[in-house]
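Have a look at the structure below, then the notes.
The values are calculated or read from the model by the stated rules, or taken from the named source; none is laboratory data. Quick caveat, the model's predicted, so the values are computed rather than measured. Every residue, glycine among them, receives a Cβ derived from its backbone with ideal geometry; neighbour counts consider all protein chains shown. Just the protein is used for accessible areas: all its heavy atoms, side chains included, with ligands, DNA and RNA removed. Shrake-Rupley method; radii C 1.70, N 1.55, O 1.52, S 1.80 Å.
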Amino acid sequence: MDSSSAGHIVLLGDSIFDNKAYIDGGPDVVQQLRGKLPPGWMATLLAVDGDVITGVNHQLLGLPDGATHLVISAGGNDALGFAKLLEAPARSVAEAVGMFADAQERFAADYELMAEALAATGLPAAVCTIYDTPSAGPYYRIIRTALTVFNDCVTRAAFTRGLSVLDLRIICNHDGDYANALEPSVQGGAKIAGAIAALLDPGRPVPRSTVIGGS
């Protein structure tokens, strides 16, 4: 992403971006992002609290004229739909892993279709990993481990298509970054907004990685 000329960044996905209902009147992610963008840039929120991966395809239909960059955070609600697997009985570790493999395949199918739709826009795009629940919460270690099954789908889809990745697991790394078990707080939103702004500024001193996804 390049900030050499003014642009228009669009946020799609779920309550990671559409978090206004959870921050007691504080600034939401898109408001904080607008304060961090270069002069002349715009930011539009199309993300919808509660939406799943397939909802992004509908959100893309509403892209404003002049949109230049897309950032998507989706998949957390889909993963939440598989939470019952954490309490499902299994006769062996292999059987338990097999159940998560089935869930992963279903998740990946939806995510791949969404990633294709993003690529088809021809716009620079970035996707977000699903972040961890607060470390002080119950089942933190189990949830964090289980989410790796779904985050693997996110990174594979992104790296295959040359999409950028915002790793929210690393960005939101303190319990204060969460308004509850699922949504970012004002503090977490500021970190997310800062990370999005950093995509536009290659000179900003933040950790960056180069990934070669194919030849």
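Summary table below
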quantity: Fraction of beta bridges assigned by DSSP in the chain that are antiparallel (%, nearest 5); calculated: 5 percent
quantity: Proximal lysines relative to residue 191, as straight alpha-carbon distance under 24 Å, when same-chain residues fewer than 8 apart are discounted; calculated: 20, 36
quantity: Potential lengthening between residue 83 and residue 173 on full extension [0.36 nm per residue; Cα-Cα distance subtracted]; calculated: 30.2 nm
quantity: Cα gyration tensor, segment 76-140 - rounded (a/c under 1.5), prolate or oblate; calculated: oblate
quantity: Area of residue 209 that stays accessible when all protein chains are in place (1.4 Å probe, Å², to 10); calculated: 110 Å²
quantity: Note, ³J(HN,Hα) from phi for segment 192-203, Karplus 6.51, -1.76, 1.60, rounded to Hz, x at Gly and Pro; calculated: 5, 4, x, 5, 5, 4, 5, 4, 7, 10, x, x
quantity: For segment 1-92: rounded, prolate or oblate by the Cα gyration tensor [a/c cutoff 1.5]; calculated: prolate
quantity: Protein-only accessible surface order, largest first, of 144, 156 at 1.4 Å; calculated: 156, 144
quantity: Global geometry of segment 108-215, whether rounded, prolate or oblate, following the gyration tensor of its Cα atoms and the 1.5 cut on a/c; calculated: oblate
quantity: ³J(HN,Hα), Karplus 6.51/-1.76/1.60, whole Hz, each residue of segment 69-85, x for Gly, Pro; calculated: 9, 10, 10, 10, 10, 9, x, x, 6, 5, 4, 4, x, 9, 4, 4, 5
quantity: Most to least accessible of 44, 145 (protein chains only, probe 1.4 Å); calculated: 145, 44
quantity: Cα convex hull volume per residue for segment 43-92 (Å³); calculated: 92 Å³
quantity: Derived scalar couplings ³J(HN,Hα) [segment 18-29; Karplus, 6.51 cos²θ - 1.76 cosθ + 1.60; whole Hz; x for Gly, Pro]; calculated: 8, 9, 4, 6, 10, 10, 6, x, x, x, 7, 4
quantity: Residue 106 accessible area, assembled protein chains, probe 1.4 Å, Å²; calculated: 150 Å²
quantity: Cα→Cβ-extended label distance, 7 Å offset, between residue 119 and residue 106, nm; calculated: 2.5 nm
